[in-house]
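Written out below as structure tokens is the structure these notes cover.
The values are calculated or read from the model by the stated rules, or taken from the named source; none is laboratory data. Every value quoted in this text rests on a predicted model; they were computed, and no experiment measured them. FYI the Cβ positions are ideal-geometry reconstructions off the backbone, even for glycines, and counts take in every protein chain you see. Just so you know, the surface numbers come from the protein's heavy atoms only, side chains and all, with ligands and any DNA or RNA stripped out. Shrake-Rupley method; radii C 1.70, N 1.55, O 1.52, S 1.80 Å.
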Amino acid sequence: AKPALWDPEHPILYDVFVMLEADGETLEKIHRKIGFREITVAGNQVFVNGKPIKLRGVNRHEVHPTKGRSLSMEEWSADARLFKEANVNYIRTSHYPPAEEFIALCDSIGLFVECEAPVCWVGHGANDRWKVEDPHDNKFYPLIRQQVLETVAQYRNHPSIIIWSMANESAWGQIWQRVLKEVNQTDASRPVSFHDQGYGGFNNFGIKTTQIANIHYPGPKGPAVAWKFEKPLLFGEYAHLNTYN
């Protein structure tokens with residue numbers, strides 16, 4: 001009736017056991033860890049369990065210099081521990097589905113997570129496809145919808161996830177508007193972000209409808225803008241790795 005609440009300083013989890021039975025026979029047993037917490041957005045702040053939060057975080061890639069994407073519990077555990085020891089409290093899962101084992105570690109160790117759907121550069125100049133295709137063509141709606149809503153369905157029981165990210169650096173339009181409405185209907189308990197420019201001249205498509213705004217590479221004047229912004233503003237990317245040489 002009055003569960004202890006989950007937050008990064010008190011990552012309290014409860015055991016849930018689900019059994020499927022038919023004709024007196026148990027067909028399947030599932031064990032999950034869940035937590036109880038409430039996320040609200042008011043003005044330009046996000047609150048968890050009624051307390052305002054500040055996110056100090058990193059974009060994380062599921063990659064190892066010799067193993068590539070084939071990680072194990074050893075690497076996932078080391079990542080979570082090292083982030084926590086570095087006073088990081090927030091992970092963005094850029095830009096594809098993370099291992100559910102790593103998200104479970106975020107639940108248990110106390111790390112906030114922004115879980116991003118595997119959608120990137122739809123309508124962005126970095127993708128040459130949009131020189132010949134219209135990113136707002138309705139034929140792309142089923143694919144975008146599937147990827148975003150399957151992400152919500154897959155990870156929604158993890159208390160560490162406090163934000164859904166619909167995409168990385170994409171062009172807002174009527175397809176995204178439709179999908180956002182479906183995400184909000186599917187999970188009204190979390191705010192939604194869309195990683196585009198919340199202000200400025202580059203790739204600014206005027207996204208005004210998600211609960212969380214984003215700016216990539218805000219520059220040294222970014223914090224002053226965030227203080228006065230009309231909604232919570234994330235610096236989704238701010239210090240790019242030297243990856244393109």
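For residue 129 and residue 64, the difference between the fully extended length at 0.36 nm per residue and the C-alpha to C-alpha distance is 20.5 nm. Taken per residue, the accessible surface of the stretch 140-205 reaches 39 Å², heavy atoms only and a 1.4 Å probe. Phi angles across the stretch 100-108 convert, under the Karplus curve 6.51 cos²θ - 1.76 cosθ + 1.60 with θ = phi - 60°, into 3J(HN,Hα) values of 5, 4, 5, 5, 4, 5, 4, 4, 7 Hz, Gly and Pro given as x.
Label zone (residue 150, point 7 Å along Cα-to-C-beta; backbone nitrogen cut-off 16 Å) within the stretch 117-135: 117-120.
Remark: the residue 100-residue 13 segment gains 29.7 nm on full extension, using 0.36 nm per residue and subtracting the alpha carbon distance.
Each 5 Å bin from zero holds the following percent of Cα-Cα pairs in the chain: 1, 6, 12, 17, 19, 17, 13, 8, 4, 2, 1, 0, 0, 0.
Over all directions, how big on average is the projection of the convex hull of the alpha-carbon atoms in the stretch 101-233, in square nanometres?
9.0
Figure note: 10, 64 ranked by solvent-accessible area, largest first, 1.4 Å probe, ligands and nucleic acids not counted: 10, 64.
Let me test this: with uniform point scatterers at the alpha carbons of the stretch 55-120, what is the Debye-based log₁₀ I(q)/I(0) at q = 0.13, 0.20 1/Å? Debye output, listed in q order: -0.31, -0.76. Proximity of backbone amide H atoms, modeled 1.01 Å from N, is registered between residue 46 and 53 at under 5 Å, excluding neighbours fewer than 5 places apart on the same chain. Above 26 Å, the calculated P(r) of the stretch 1-121 contains 33 percent of its Cα-Cα pairs.
Phi angles across the stretch 25-34 convert, under the Karplus curve 6.51 cos²θ - 1.76 cosθ + 1.60 with θ = phi - 60°, into 3J(HN,Hα) values of 10, 7, 8, 7, 10, 10, 10, 9, 9, 10 Hz, Gly and Pro given as x.
Over the Cα atoms of the stretch 154-210, what is the Rg over Rh ratio if Rh follows Kirkwood?
Working: Rg = 12.1 Å, Rh = 12.2 Å.
Rg/Rh for the stretch 154-210 comes to 0.99.
With all protein chains kept in place, the per residue accessible area of the stretch 7-68 amounts to 73 square angstrom at a probe of 1.4 angstrom.
For every helix of n ≥ 4 consecutive DSSP H residues, a contribution of -39,500 (n - 2.57) applies; sum these over the chain, divide by its total residues, and give [θ] at 222 nm rounded to the nearest 500 deg cm²/dmol. The partial results should precede the final answer.
Details: 5 runs with 58 residues, N = 245.
Mean residue ellipticity at 222 nm (helix-derived): -7500 deg cm²/dmol.
Using heavy atoms of the protein chains and a probe of 1.4 Å, the accessible area assigned to residue 63 is about 90 Å².
May I ask for the net charge around residue 19, where only other residues with Cβ less than 14 Å from the Cβ of residue 19 are counted and Lys, Arg are +1 while Asp, Glu are -1? Local net charge: -3.
Values of log10 I(q)/I(0) for the stretch 105-164 across q = 0.17, 0.19, 0.29 Å⁻¹ run -0.68, -0.76, -1.17, by the Debye formula with one identical scatterer at each alpha carbon and no solvent.
Counting protein heavy atoms only, the chain has 55 percent of its accessible area on carbon and sulfur, 1.4 angstrom probe. Each DSSP beta bridge with both residues in the chain is either parallel or antiparallel, and the antiparallel ones are about 50%.
Computed from the Cα positions only, the extents of the stretch 12-70 along the three principal axes stand at 53, 43, 18 Å, in decreasing order.
Considering only alpha-carbon pairs that sit under 8 angstrom and 6 or more positions apart, the relative contact order computed for the chain is 16 percent.
Remark on residue 112: its backbone amide H falls under 5 Å from those of 90, 91, a criterion applied only to residues 5 or more positions apart or on other chains, H modelled at 1.01 Å from N.
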